[in-house]
Structure formats: structure tokens, C-alpha cells
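Please read the structure below before turning to the comments.
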Amino acid sequence: MAFSNCGFEVGFDAGHLLHPGCVFPSDCCQGNSVERKIYIPLNKTAPCVRLLNATHQIGCQSSISGDTGVIHVVEKEEDLNWVLTDGPHPPYMILLDGSLFNRKVMLQLKGTSRVSGLAVAVAKPIPPQGFSPGLKCPNDGFGVYSKDYGPQFAHCNKTVWNPVGSGLSYEDFDFPIFLLEDANETQVIKQCYQDHNVPREGSVPEYPLCAMQLFSHMHAVTSTVTCMRRSSLQSTFSINPEVVCDPLLDYNVWSTLQPINSSGKVDPEKEVIIVATRIDSHSFFWNIAPGAESAVTSFVTHLAAAEALHKASDVHLLQRNIMFTFFQGETFDYIGSSRMVYDMEKDKFPLRLDNIHSFVELNQVALRNDSVLWMHTDPVSRMNKSVEARVRNLLDILSNSSVGANVTLQEVGYSQPLPPSSFQRFLRARHIPGVVLTDHRTAFQNRYYQSMYDTPENVQMQYPEGLSPEEMLEYVTDTAKSLAEVATVVARALYRLAGGANDTSAIQADPKTVSRMLYGFLIKMNNSWFQSIVKPDIKGILGDDVPQHYVAVSNPVNTTYLVQYVLANLTGTVVNLTKEECLNPEKTPSSEREMYDYAWVQGSLDPNSTSRVPYCVRSTVHLTKALSPAFELRQWGSTEYSTWTESRWKEIRARIFLVASKELEIITLVVGIVILVVSLLATYFINAKADILFSLPRDPGAVAY
Amino acid sequence: MTLAVFFGCTFIAFGPALGLFLFTIARDPLRIIILIAGAFFWLVSLLLSSLIWFIAVKASDPRDEALQKGLLIFGVMFSVLLQEAFRFLYYKLLRKAIEGLVALSEDGCSPISIQQMAYVAGVGFGLMSGAFSMINLLADSLGPGTVGIHGDSQLYFLTSAFMTMVLIFLHTFWGILFFHGCEHRRWWEIAAVVVMHLAVSGSTFWNPLYVGSLVPSYLLMAAAATWAYLLSGGSAQNLRRFLLCLRSGASPQPGS
């Protein structure tokens, strides 16, 4: 039908399809022109998808052929009455202003059948009172506090960590909810609404009305137990298996200060200090997770501390080793850290729990009040004298390292439990002395925890106007300077903890590096520095969109790759190997490929040419799988390990169009039936009486009709 | 419930053609073959004309709106001429076929006359033309939306269906007229068919002013219908007898 699609319908309707407003043939072959007359697709949207855990399903669902509804724009609460009670053309598709996207409004909409879907426009400006669709008590039940361990601290009895949290992300909606990221598309929808749907002077708006259709049908239902059971049945018995859900999985990135044999086992007497941060975040909508304060600033600080430590001269002489660990999936009940603990217990990891001397974790560190950084510890394990002694030692070393820096470290004390952190999973297995560093004492300073508003503005990262992308990459923001100070303090403390005795003034985090990392992970991944440190074959992962840090189901995600390469660049060394030697290190006898990882990276562009100078980087960076042990053990209803899965879907899209009144449609049908019946009758009678109607002069060749 | 629009438009556009097919063509396999071959001839003519148009469009600047419109008008006119040329070719083919049928028959008479072939060929051309015009619209009418968000008329589907119906009828009558003209060497009848076809196609450039395209097309259809009826042996007298016969409900008389 390519010919007719392009407005070339010969015989009569060339004029039909060539309407003055029509776009002419150059792009005729994407979607036929009649479809373009009817629908306006909405391209820059993010859906809300269904996630499942052992017992519940959360998120949104649409019908299999999409949900349609008449558009109504809700900008203040009074507009909701039209949708809920007054409007004469239910169901309605609501275009909600971002400022009204709160629990009260959403629960009202959830309870009615007059709503067929929701499109949320990003609020500008960001709601100043805070917005967090996460839980008030994140990862409750999967940390260390339970009725058997510190029951007075369990379920946020003592401290509510995220008081702004509405828990919206964890509700189950039976209609689709989309985020409209582009203000221009929002304006198009509002214009269509103004032209057709606005009730004028109390009268009912007339057909045709502007409507929207959202497609986001999810295949998985009920819980992880159900969907994994169905998927495994399909995979076992079907030739063409229809898997309905996938576990959330990715890779943890880890690296050691002194190289260790990654496929062997570390000597039990060798002690290791673990430094940890999380690298993922989440929001109400799929793959929207800027995570500036909740994840990015912490792991950027961690990376800077790792780089600073490698500058110490006697790194290989230190008594204890240091392992820099970046956990993925921590937002979803500690996927990464629970898996690492499990691997350590089952001897599948080079280290064991016995090797761990202490644990330092960096949680949200960017929004410090008066430069204070708080040190949280676990009061329950500190009741043990030996643990208390070691924790005390740890706290003292940390405090001493902050002398002279613009960072004040203060202890939180025995009255507070640990905030949600990966350290809690390690504590579940062994009473390790550890500390969690944050910028908040009780509740989070971050009022946009796990939301789409946790952006660079939230961490006060500002660039002057008119800078080009390369200038922005090199510009050192105040946020970068402040995080560099934290990194310096942490690095010096780690040096002392590891037994280093020398002067620590050489251990300094570089604010320039911190700034470049912040730019790359928060604003634009496709910058010259990132391009120069990745492998040539995966440079395609550097997209031009705003970086998002959702753990996802296909892996590793861009964030994991980039953390790996940045860590390799900052802590590794350039070695003089050719490309073949670098890609096949086992052929070189002195490569010690058990201890090191070799990567052939692109290198930077020559200033006046278009070619790059690649080189080989040797580092101790490794990836280990971060899949919840519940899926390894096939205990899909587990309450001990994370069981989060993401549903699969076929298509996700949105479009707007006009709908005609039912009367016009029925008239069309009736006219059609009448014409059909009349023509059948007329033809029958004409055919039956043909000899009367057509009396031809007798002709030997003619035969009567 | 735009299933209603789908069925409504299908019945409007193809209802009469369905009647024609069921009662006059479906029983006779020879007529079915002629119908399908006629449809195929129309298809080939469309293929060739759209190839020319496609090349012309690709070779030209897509941003020049006036040029593109001019190319479209040229394309439409060229296609009309090509369709009529293929009608002529089909006439030639059917003439040859009659000779073959006469040779094969037992009593030296062809089982089908050239007038019947003309009628069936016209229906074939009309059906294929209608299909190409209407099918993609029908497919889009199944969705929940209707035309209009960019300002087009809401009656788009309805008027397209009516236009398709009139065009199927027109092709039928043009078939009868054209073959009659070729048979009796009356070139002015052939010229009239071509002019009528050009007029109907040209009138569609008036769209979305649907009065400008539908009204002339229906008037032309009435004129062509009368002319074809008269050429096929009809007369006002026959018509009166037919209507009286219907009213009295008498059984059909054998042909005289």
C-alpha cells in the first residue's frame, strides 16, 4: 500500500490525502499519512512499570490494547471534581501538574473508576517542600534490625529516615501513569484540551473531544513467586518460552589497593578494610533515576578517595589491604551487598567474612550542614566489648584525619541505629566494626530521596552561564570542592586504618577529578574524558541523554561500566603492551593476569586530528555478579534476600487524538447497513427482471442476462 | 466503538459492489475470471503510473510545495490516461478471448457477450480501485481516534466511503461505454469516458471542500448510468414496465 500511503491514490483521492497541512512525501514511508492525520505520538515519555517482590506487585498496569480517555488538565485540586464527579464523558485521562503529584491526590484517583490513566508533567520549579515517592523507612526488614536484633530500632521506631517519603512508588495502580518529560509535548496536549475539551460557561463540552491513549501492558502479575514460577514453566516446557519477568540484576564493582588473586583465596590472616557505596537509585518512573544526592555524589567521593589513596608512596607496604566496593541494586533491598555477603559465606569470593577488619560506608554526603559529617554506628553490636574497642579505634582515627580539613566529623552516639546502608547486610552475618558516614544526623537532608527531582540542582551544583560542554567538564564547582574534602578525609583515615604510619599530607583528593566525574555522571556522559577511558567497542554506551542510574535487568548498565572504567583509570597504571598483548594477557608470562585486569582503552583525541591514541591500562578492578541469592537458591518467596523482579512488556507508547461522538458512529453504521440492504435488494430485482429492462435486438451471439 | 465506523464505511463503499458481485458475477466462473483479470489490469496500470510519479518525486526537491503539488496533479492525470490505456488493452485481450471461446464452444456461440464482458471488466476495475482507495482508511478507522486533530474535517471517513462507492459505479459504467465505443468504432464515446474520468479525478483536488468533489461525481455517475443503460438496450419504456411489474409483483416474463 506504499503508493496509496503517500497521498497518491489515483483516480480520485489524490486531493483527499493532500491536505494543505500535510507533510509531503519525503518522510512518507514512516507511518501512513492517514494515521498521521489522526494521531499525534508522544515521544518523550517515561512509563511507570510493574515491579514485583515476594508478596506484592507495585507500579502500574494498562489494558493490553491500551487505555483511552478524554483528556482533562488538572492544575489545582478543584479541577479534580470534574474528573471524579461532574464530568459527563468518563473515563478521563488526567494531565496532572507535577505539584499535585502527591499521595493524597493519587489515592483519590486510585479509588475511582472514572480515571483511565494519568500523565504527569514535570513540576517547574521543583516542589520546595520536598518530594519523595520512596518509603519512609527504606529497605525495612532487609537490614540488620529485626525483632531478634535491636527491636527498638526495627521498622524505624526510633528514627524515621525519610519523613518526606509518601510511599507512592510502592503502591499498585491499575491504570497507566506516564511522565511527560518534554515541556513542548505537554503544551501540545494542553492546547488540544483548550481547543476541544474546556467546559465553557458551565455547558457540556461537545464532541469531538481530545483524548489520549497510553499503552503499558505488563505481563507479570501478583508477585515474584507467581511470575518466576510461570517463567520457569515456560522455559522448561515450551519451545518458544514466554518469560514474564526478570530479576533485577547487575554487577558490583570492586578493586583492592594491593592486588589479590581474584580467582584464589586470600590468606585468613590477611585483613581487609572494606569501603562501600551504592551506585544505583530509583524513582516512580522507569529508568528515571538521576540519584544525585542518593547515589552519585557518594560514589564519586569514593572514587576520589580511591585515587587519593593510590598516591601514597608505601601502598604496597601497608599492613592491611583496602577493598573499594561499589554495590549495585542497593535500592531494592540490598541486592548487591546481600549477594557479596552470600558469596563470602559460601567461599565463592576471594575474601571471607573473617578477613574483614572494618567497614567504612559513604552514604549521602553532599548536603552537609555547617560542614558536619556524621558517623553512624550500630549500637547493638557495640555492646560487645571487643567490637566496641575496635569501633572506638575506628571513630578516633576518622576524627583525627579530619584535623585541618574543612570537615567536622561528629559521632551520632548510641541512641541512633544505622541508617539504611549496605553495612547492615554485613552486620547480619558477622559483627564487624564499621561506620556509615552521612550528612544527616536523624532524618535525611535529602528531601528528594529516590525521586526524579534528585538532580544536580539538589546538590547545589551550578555552572556559570554560557559555558560550552568542554568548559563545563573542566569547571570546578563548589560541590566538587566540598566532596573532594570529604574524600581527602576518608582517604587519610583509611591510610591510618590500614596501618600506614607516614605523613598523610600527600593524600589529597583532586577537586578537578571530582568535578569531571560529577559532570559525567550527572549531566552528560558523552564527554571527552569518558570517551578517552572506555574500550573502543563499547563507546556506544555514552549517550547524550541525562544519565540515569537504575539497576535494570539487562546488564551491566552504563553506570556500572563507567564506574569500572573510571576506577581503572584513577587507580590503575598504564602499561606498555600492544593491543594483542593487552587483550590476551595470558600469553605474556609476566602479566600476572590473576591479580590484574587489563583493559585496552580508546585514549584521547589528538588535538588536531580525528584519531585516538589507545593504550593498555592495568588495574585491580573486577566485576562480580549482583543477583540476589534468592534467585540462586530459587527461593522466590524469600524474606531474607531481595526478591525484586521487573515485569516484561511488549510495547510502551502514548498518543493523542480526537474521538467522535457515539451518535456519529452509529449514524455511519446505520447508513452503511441501509445502503447495503438497499443495494442488495435493488440488484436482486434488477437481475431478476433483467429481460424486461434490457431488451436487446435479437443477436445471435447474445445471451439473455 | 469505532468498529461501527469501520463496518459503516465498508458497507457504504463496498455494499453496492457486493450486491453486483453476488447476484450477477458470482454464479458464472467465466465472469469471475474476467473480473479478476480486470482487477489485475487496473493494478498494473497503477503500478506503472506510480512508478513514474515516484521517480519524479525523488528526483525533485521535497521542500518545494508548489512543485510537489504540480507533480501530484501531473501524476493523477497521467495515471488516468494510463488506466484508460489499460482498459483499451484489456478490451483487445477480451476480443481475442471471445474468438477463442467461440472456437471452443459446441454451438459456435460464445458463452458470454462482449457487453457482459464490458460490464464485468468495469466492475473489476472499480473493485480494485476502491480497494486501493479505501482499505488503509478502513484499517485506521478501527483505532479509537477520528480525523481532526490537525484541523481536518471529521467527516473524512464518511466522504471517502461515498467517493469510493461512486467511483466503483463509475468504473462499471465507463467499462460499458468504453467497450461499446471500441466495438462500434465510436471514438467520441472513448473520448467522453476519458474526459469524465479526468473530471472526476480533478474534482477531488477540491477536497476537503467535499461539495466540490462529491456532487459533481454523483452527477456524472447519474449521466454515465443513463448513457450505459441506453446503450445496453434499455429505454424509458422498459423502465416503466419494470417498475409496474415490480409493483404488481407478477412473475418475470420470458424474454421476447
Could you pull out every one of the strands (runs of 3 or more DSSP E) wholly within the stretch A:252-370 that has 2 or more residues that are out of contact with any Ser or Thr (no Cβ under 9 Å at 6 or more places or on another chain) and of a type in the set (Ser, Thr, Tyr)?
none
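One line per residue, one yes/no per condition, for (1) outside any loop (DSSP other than H, G, I, E, B); (2) more than 10 Å from every other protein chain (Cβ to nearest Cβ):
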| site | (1), (2) |
| --- | --- |
| B:Ile33 | yes, yes |
| B:Ser49 | yes, no |
| B:Ile55 | yes, yes |
| B:Pro62 | no, no |
| B:Leu71 | yes, no |
| B:Val76 | yes, no |
| B:Glu99 | yes, yes |
| B:Gln116 | yes, no |
| B:Leu127 | yes, yes |
Looking at (1) closer than 25 Å to B:Ala191 by Cβ; (2) in contact (Cβ under 8 Å) with a residue 40 or more places away in the chain, which is the one condition that is false for B:Pro16?
(1)
Inside the stretch B:211-252, can you point out the residues that are polar (S, T, N, Q) and either part of a helix (DSSP H, G or I) or modelled with pLDDT of 95 or more (or both)?
B:Ser213, B:Ser217, B:Thr226, B:Gln237, B:Asn238, B:Ser248
Would you check which residues across the stretch A:95-105 are out of contact with any His (no Cβ under 8 Å at 6 or more places or on another chain) and more than 12 Å from A:Phe131 (Cβ to Cβ) and list them?
A:Leu96, A:Asp97, A:Lys104, A:Val105
For the stretch A:43-137, list the strands (runs of 3 or more DSSP E) that sit wholly inside it and hold at least 3 residues that are farther than 17 Å from A:Met218 by Cβ; which are they?
A:67-74, A:92-97, A:115-121
State all residues of the stretch B:173-210 that are assigned to a loop (DSSP other than H, G, I, E, B) and either within 30 Å of B:Leu155 (Cβ to Cβ) or modelled with pLDDT of 95 or more (or both); if no residue qualifies, say none.
B:Asn207, B:Pro208, B:Leu209
Return yes or no: is B:Ser110 within 11 Å of chain A (Cβ to nearest Cβ), surrounded by 21 or more Cβ atoms within 10 Å (Cβ to Cβ), free of Cβ contacts under 8 Å to residues at least 60 places away in the same chain and under 19 Å from B:Ile176 (Cα atoms)?
yes
In the stretch B:1-16, how many residues are more than 8 Å from chain A (Cβ to nearest Cβ), aliphatic (A, V, I, L, M) and surrounded by 23 or more Cβ atoms within 10 Å (Cβ to Cβ)?
1
For the list (1) more than 23 Å from B:Ala228 (Cβ to Cβ); (2) more than 10 Å from chain A (Cβ to nearest Cβ), I need the number of the one condition that B:Leu93 fails.
(1)
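Conditions (1) among the hydroxyl-bearing types (Ser, Thr, Tyr); (2) more than 20 Å from A:Arg368 (Cα to Cα); (3) free of Cβ contacts under 8 Å to residues at least 40 places away in the same chain, marked per residue:
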site: A:Val486; (1), (2), (3): no, no, no
site: A:Arg492; (1), (2), (3): no, no, no
site: A:Thr513; (1), (2), (3): yes, yes, no
site: A:Asp537; (1), (2), (3): no, yes, yes
Any chance A:Ala509 is of a type outside the set (Asp, Glu) and in a helix (DSSP H, G or I)
no
Enumeration of residues in the stretch A:457-481 that are assigned to a helix (DSSP H, G or I) and within 20 Å of A:Pro290 (Cα to Cα)
A:Glu457, A:Asn458, A:Val459, A:Pro469, A:Met472, A:Leu473, A:Asp478, A:Thr479, A:Ala480
Output yes when any residue across the stretch A:238-246 is under 28 Å from the mean Cα position of the chain (by Cα), under 30 Å from A:Ala295 (Cβ atoms), assigned to a loop (DSSP other than H, G, I, E, B) and not polar (S, T, N, Q), and no when none is.
yes
Kindly check whether there is at least one residue in the stretch A:151-169 that is outside any loop (DSSP other than H, G, I, E, B), in contact (Cβ under 8 Å) with a residue 40 or more places away in the chain, crowded, with 22+ Cβ neighbours inside 10 Å and of a type outside the set (Gly, Ala, Ser).
yes
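The values are calculated or read from the model by the stated rules, or taken from the named source; none is laboratory data. Only a predicted model underlies this, so the values are computations on that prediction, with no experimental measurement involved. Methodologically, a virtual Cβ is constructed for each residue, glycine included, from the backbone with ideal geometry; neighbour enumeration extends over all protein chains shown.
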